[in-house]
Structure formats: C-alpha cells, structure tokens
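Please read the structure below before turning to the comments.
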Amino acid sequence: MNYAQSIVELIGSTPMVKLNSVTEGITATVLVKLEYLNPGGSIKDRIALKMIEEAEEQGKLTPGGVVVEPTSGNTGVGLAMVAQQKGYRSVFVAVSKVAQEKRDVLRAYGADVVVGPDGVDAQSPLSYYGISDQLAEEIAGGYKPDQFSNPAAPASHYETTGPEIWQDTEGQVTHLVVGAGTGGTVTGTGRYLKEVSAERESGPVRVVVADPDGSVYSGGEGRPYFVEGVGEDIWVPNYDPEVPDEQHAITDAESFGMARRLVTEEGLLVGGSSGTAVAAALKVAKDLGPDDVVVAVLPDSGRGYLGKIFNDRWMIDHGFGEVVSRSGSSGTEI
Ligand code: PMP
C-alpha cells in the first residue's frame, strides 16, 4: 500500500510544469515549481517543518510546548499544521487589518490567534512582534521560531527545494527565479544550486530575485505595494545578498496581470507573488536560447486572493482597471 504516515511526510517533492502560452516567442524552456501543492498550500510548509524539528533537536521545544509566531499568512498555516501533528499548541499574533478569513484558517487548524493593534511601531511592545516576544516568554514552554532570522528556514530550502530542482532538471537548470520576503527561499535554494553547478562547463546557475517595485531588495526605498509575501522595507537576516546575481523590479500591475494570465492560459491558479516570479522569469528568458532552462518558484495558490487579484471590482477600485481590460474579465460581477 502506498501512503504517508502523516500529512507532514507529504511536505516538499512538488512537481514542475512547463509554461506553454505566456512564453510565446521565447525559445528557452520555462518551468514553474508548484509550491501550492504542499499540504498546507504554500512553500512555507518546508520551513515550518525544519524550524520545528530543529527546535526539538536543540531542546527548545519540548513536550507540552507552544509555538508562538507573529504571522497570519502562509508560515502560520505551515506551523499550525506541523505543530498540531507533533502534539504542540500554536499561538499566532496578527494585526487587525489581516482579513478575518486568514485568521479563521489558523483557528481551523486548532491554533489560537491573538489580534494586536494596527499601525504600531515595530519596536513597540504593542506591535505584533512585541506581543509575540512577550507571549513566547510568558507562556510555559513557549518557543518563537522567528522565520526572518532562523537559519533552519534557508537550510530547509538548501536541503529540499534546491536538490529537487537540480534532480528534476537533471542538472540542466540555468536560471532560478524566486521572490524574496524573509529571504529563506532565495538564500537556501540559490546557494545550493550555485554550489552544485559551480564546476559545470556551461557555468553556474544564475539566481534572479523577482522583487516588487519599491522593495529594498531591488534598490527601492520600501515604498508600499499590493503584492503580498515578497519584498521588504528593511534588509532581514535570512536574505543573503551574496546569493542573487540580479534583481528585477516588477510592478503590481505586472504581477497581477501575470497571475491572471497564469490561470486563464496555463490553468495555474496562483497568488500575486507567483505572478511576480513569472513576470521576471519571462524578462530573463526572452534574451536566452533553446539550451536554457529557467525555473521559477510559485509560492502559493490564488485561492487566498479571490477577493483581490481575481476580483474585477477590487482590481478597478485599486487602480488596476487597465490590467482587467487587458487580461480579460475574470467573470466577477462588477
Ligand atoms: N510568496 C508568498 C505568498 C509568501 O508568503 C512568501 C513568504 N513570505 C514568499 C513568496 C517569499 O518567500 P521567502 O520568505 O522564503 O523569501
């Protein structure tokens, strides 16, 4: 019989698929790695598993322990799922602007969600970082993984995402295109692929960061943007600036337009940061030839964004009417 012992065993080993329509006029092979097929629905399952397992090994998380993290997004889902399976409670701190639905997903897994105030300085004890620090200290057995600085996060990608791409392309990948939020994906996956290809005749894998226009990683000043999960307004410890070879600043309109094309033309219902990655991948691929293999990592599903990127009314109200007319209506009533 072929089955996993627990849902946690099914994290990783995600498939890749070739893009066939949005790549019109491009001779290079463009592949996308479907991280939304992880059991928690995103790439963050990988770091959740590694951070919790390492904390167990180091004695930081012991029976009866509680995982505490300031997140309401994909990392929360991954941590909630892994913590539950390993017998730990989990508590997440979210700010009140976070959609009710996102908090409800965490609660569905059995996690507790503490809601802190919006618009508080990150250094304040009332910020969601401050609240999570206090909870991790006060709750008996509390442990805060801290995805922005925990070395287990990039390590999980060095040990899994990178080798999967190398094996599935049979060592033929020439370019890796990924977004960077906490930086774990680019640091771990990029470092592995560069190391393993260092002696290759055709040269090492080139690592490209697909960054929202305005984010510091592509030279911006931290100006806000709508795409979620990628870009930063400050440099964070898990982003190793030595790994990427180039950065592309991608506008929200480009990211959202590409996310809409991916579902209507390629059958891939993915989130905005996947649109960012593919938009950058195509910019890179248009100057390449038939021997090149570009791999873009698609972090999560579009299901979490049905009320935004895939909703014509929201798009028009937020200044993306042009994208709606260009990519065609998604069928929502306006
Ligand atoms: N896309 C989405 C939707 C995410 O949630 C994240 C994680 N913040 C990323 C991309 C970027 O991944 P990383 O944190 O590893 O840089």
Total residues in region 6-29, condition part of a strand (DSSP E or B) and within 19 Å of the chain's Cα centre (by Cα): 2
Selection from region 200-216 of residues that are in a loop (DSSP other than H, G, I, E, B) and either under 15 Å from Glu170 (Cα atoms) or not charged (D, E, K, R) (or both): Arg200, Glu201, Ser202, Gly203, Pro204, Val205, Gly214, Ser215
Among (1) buried (at least 16 other Cβ atoms within 10 Å of the Cβ); (2) at pLDDT 95 or above; (3) under 19 Å from the mean Cα position of the chain (by Cα); (4) not polar (S, T, N, Q) - the single one Tyr225 does not satisfy: (2)
Residue match in region 106-114 (condition: of a type outside the set (Ser, Thr, Tyr), within 16 Å of the ligand (Cβ to nearest atom) and under 23 Å from Ser6 (Cα atoms)): yes
Any hit, region 128-151, residues being more than 13 Å from the ligand (Cβ to nearest atom), among the small types (Gly, Ala, Ser), assigned to a helix (DSSP H, G or I) and touching a Gly at 6+ places or on another chain (Cβ under 7 Å): yes
Scan of region 264-283 for residues that are in contact (Cβ under 8 Å) with a residue 24 or more places away in the chain and either surrounded by fewer than 24 Cβ atoms within 10 Å (Cβ to Cβ) or out of contact with any strand residue (DSSP E or B) (no Cβ under 6 Å at 6 or more places or on another chain) (or both), ordered by number: Thr264, Glu265, Glu266, Leu268, Leu269, Gly272, Ser273, Gly275, Leu282, Lys283
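The rows are residues; the columns are (1) under 22 Å from Asp300 (Cβ atoms); (2) out of contact with any Cys (no Cβ under 7 Å at 6 or more places or on another chain); (3) surrounded by 15 or more Cβ atoms within 10 Å (Cβ to Cβ).
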{"site": "Ala155", "(1), (2), (3)": "yes, yes, yes"}
{"site": "Tyr158", "(1), (2), (3)": "yes, yes, yes"}
{"site": "Val178", "(1), (2), (3)": "yes, yes, yes"}
{"site": "Val196", "(1), (2), (3)": "no, yes, yes"}
{"site": "Gly214", "(1), (2), (3)": "yes, yes, yes"}
{"site": "Gly219", "(1), (2), (3)": "no, yes, no"}
{"site": "Gly231", "(1), (2), (3)": "yes, yes, yes"}
{"site": "Pro244", "(1), (2), (3)": "yes, yes, yes"}
Condition met for Val177 (outside any loop (DSSP other than H, G, I, E, B) and out of contact with any Phe, Trp or Tyr (no Cβ under 9 Å at 6 or more places or on another chain)): yes
For Asp118: the one exception among (1) within 16 Å of the ligand (Cβ to nearest atom); (2) modelled with pLDDT under 95: (1)
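Do we find that Pro237 is out of contact with any strand residue (DSSP E or B) (no Cβ under 6 Å at 6 or more places or on another chain), of a type outside the set (Asp, Glu) and within 13 Å of the ligand (Cβ to nearest atom) in this structure? I'd like the intermediate steps shown before the answer.
Numbers: out of contact with any strand residue (DSSP E or B) (no Cβ under 6 Å at 6 or more places or on another chain): yes; of a type outside the set (Asp, Glu): yes; within 13 Å of the ligand (Cβ to nearest atom): yes.
Here the answer is yes, as Pro237 does meet what is asked.
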Residue within region 99-107 that is at pLDDT 95 or above and either in a loop (DSSP other than H, G, I, E, B) or over 19 Å from Gly229 (Cα atoms) (or both) present: yes
Region 37-76, residues that are within 16 Å of the ligand (Cβ to nearest atom), in a helix (DSSP H, G or I) and buried (at least 23 other Cβ atoms within 10 Å of the Cβ): Lys44, Asp45, Arg46, Ile47, Ala48, Leu49, Lys50, Met51, Asn74, Thr75, Gly76
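Just to check your reading of the model, which residue among Ala259, Ala296 is over 15 Å from Val177 (Cα atoms), of a type in the set (A, V, I, L, M) and either buried (at least 22 other Cβ atoms within 10 Å of the Cβ) or at pLDDT below 95 (or both)? It would help to see each step written out before you state the result.
Values: Ala296 fails: over 15 Å from Val177 (Cα atoms).
Residue meeting the stated conditions: Ala259.
The values are calculated or read from the model by the stated rules, or taken from the named source; none is laboratory data. A quick note: this is a predicted structure, and the numbers were derived from the prediction, not measured. Positions of Cβ are backbone-derived with ideal geometry, glycine not excepted, and every protein chain shown enters the neighbour counts.
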